[in-house]
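Quick note: the coordinates plus some simple rules give every number you see, no bench work behind them. Being a predicted model, the structure only gives us computed values, none of them experimental. Note that each Cβ is placed from the backbone with ideal geometry, even for glycine, and that neighbours are counted across all protein chains shown.
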């Protein structure tokens, strides 16, 4: 009988790719030298530190000490994502950490993507170290410089193709036109995330538009001074066509009717595959009709809408859901509606018509969970589902009830779902099958992927 040790060594890289949890990869590295050789690049390919990680601040210290002292490990890093950072340190400890950060980053010679979002933690020395990473093309940073770094350093990142700025301050916004000019038409993705900031305006977008002919992805969040005029100027400058568009919490003067009319005339969104929109809690039929018109000629794959604020909005119209599905049923892969209930009839229509649907994120009443299984079964390629429902304010049993609700929904579901979330919880799904298409057993295990689940990245306003 063949045993595991007789497997061809060439299969190890393929096998290791299916191990996603860092602690599991670390165990694989300890197996023997052969396993170490193939697993260590996967372990260090993505270095992620989030605020909810246990001992996240001390983890940052250990990560950068390792990267600074072990260049052979640092060269495996392709993606560095720092969303937590210790700031209450002694002067000596702070100096040591900064020295390790700068040296560690310099050692990451193959770094492609860097995310550094912790407010007040980004310094000029860190940015200058990133300038020495020759492969860097994706930069996401906290734009609130707070005199911790010199915004003038930013325009020296001339080779980036993707830029995301979070809460940019005035001096950072002032640098943006020069920065975009210095990228020499390389920029393909621009994201500006604000919190009701008046700094991002139509005028700014009109200034930077000529430098964005190759822009494919544009997301503006929390920019109340941006109207349809500014967005149209960006669309008009894009020669390749926008494929991803996020218009979230923009000006109340944004005229969707005029915007959709101009887009329809110019066919500016004929390449659009993903759209994210926020709507007011009192949205009207006219807005929905204009959105349908806006998307009419787009090969849409991702449709995401949510209301502003934290409260649950009105129920999404069945007619509106049906119109989106009728126009894009052959291409839609993700249908996402947050902070608005979606009826079971609408979900049934979505699952029945969208034969390529892979992700479904919706809000329903808890009582409807038990009826979801047969409906979800109608989507033959459905992989990921997330259901939000209102919770009782005093419900201490919410996590247990969520798990029970998910199990009841999946027991009668034959769709190939591998991930299911409910409110704040996410599980990996495995099933055992009985005779025919009957599910004999459903198992829910903890979510292992170190990345944030997609459903938690939708709402940013």
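Take the residues in segment 274-300 that are crowded, with 19+ Cβ neighbours inside 10 Å and out of contact with any helix residue (DSSP H, G or I) (no Cβ under 8 Å at 6 or more places or on another chain), then tell me which one is farthest from residue 238 (Cα to Cα).
It comes out as 283.
Go through (1) closer than 21 Å to residue 168 by Cβ; (2) buried (at least 21 other Cβ atoms within 10 Å of the Cβ) one by one and return the number of the condition residue 229 breaks.
It fails just one condition, (2).
Evaluate segment 179-189: report whether one residue or more is touching a helix residue (DSSP H, G or I) at 6+ places or on another chain (Cβ under 9 Å), part of a loop (DSSP other than H, G, I, E, B) and within 25 Å of residue 147 (Cα to Cα).
Yes, there is a match, as at least one residue in segment 179-189 is touching a helix residue (DSSP H, G or I) at 6+ places or on another chain (Cβ under 9 Å), part of a loop (DSSP other than H, G, I, E, B) and within 25 Å of residue 147 (Cα to Cα).
Just to be sure I understand, how many residues within segment 136-170 are part of a helix (DSSP H, G or I) and crowded, with 16+ Cβ neighbours inside 10 Å?
Residues in segment 136-170 being part of a helix (DSSP H, G or I) and crowded, with 16+ Cβ neighbours inside 10 Å: 4 in total.
Look at residue 220 and say whether it is crowded, with 20+ Cβ neighbours inside 10 Å, in contact with a strand residue (DSSP E or B) (Cβ under 8 Å, 6 or more places away or on another chain) and closer than 14 Å to residue 163 by Cβ.
Judged against the criteria, residue 220 is a match.
Please state which of the following conditions residue 72 fails to meet, knowing it meets all the rest: (1) over 15 Å from residue 450 (Cα atoms); (2) buried (at least 16 other Cβ atoms within 10 Å of the Cβ).
(2)
Say whether the condition of being under 17 Å from residue 177 (Cα atoms), under 24 Å from the mean Cα position of the chain (by Cα) and touching a residue at least 12 places away in the same chain (Cβ under 8 Å) is met by at least one residue in segment 283-292.
Within segment 283-292, not a single residue is under 17 Å from residue 177 (Cα atoms), under 24 Å from the mean Cα position of the chain (by Cα) and touching a residue at least 12 places away in the same chain (Cβ under 8 Å).
Please specify each residue of segment 326-351 satisfying the condition of being more than 20 Å from residue 416 (Cα to Cα), free of Cβ contacts under 8 Å to residues at least 60 places away in the same chain and touching a strand residue (DSSP E or B) at 6+ places or on another chain (Cβ under 8 Å).
Passing the criteria: 328, 337, 340, 341, 342.
If you scan segment 124-135, which residues turn out to be in contact with a helix residue (DSSP H, G or I) (Cβ under 9 Å, 6 or more places away or on another chain), more than 20 Å from residue 66 (Cβ to Cβ) and not in a helix (DSSP H, G or I)?
131
Given the conditions (1) buried (at least 22 other Cβ atoms within 10 Å of the Cβ); (2) at positive phi, and given that residue 339 satisfies all but one, which numbered condition is not satisfied?
(1)
How about segment 318-377: which helices (runs of 4 or more DSSP H) wholly inside it have at least 1 residues that are closer than 18 Å to residue 305 by Cβ?
Those helices (runs of 4 or more DSSP H) span 318-328, 344-353.
Inside segment 173-199, can you point out the residues that are more than 21 Å from residue 227 (Cα to Cα) and in contact with a strand residue (DSSP E or B) (Cβ under 7 Å, 6 or more places away or on another chain)?
Passing the criteria: 187, 188.
Inspect all residues belonging to segment 97-109 and state whether any of them is out of contact with any helix residue (DSSP H, G or I) (no Cβ under 7 Å at 6 or more places or on another chain) and within 20 Å of residue 136 (Cα to Cα).
Yes.
Considering segment 352-384 alone, what residues qualify as being closer than 20 Å to residue 320 by Cα, crowded, with 17+ Cβ neighbours inside 10 Å, in contact with a strand residue (DSSP E or B) (Cβ under 9 Å, 6 or more places away or on another chain) and without any contact (Cβ under 8 Å) to a residue 40 or more places away in the chain?
354, 357, 360, 362, 364, 379
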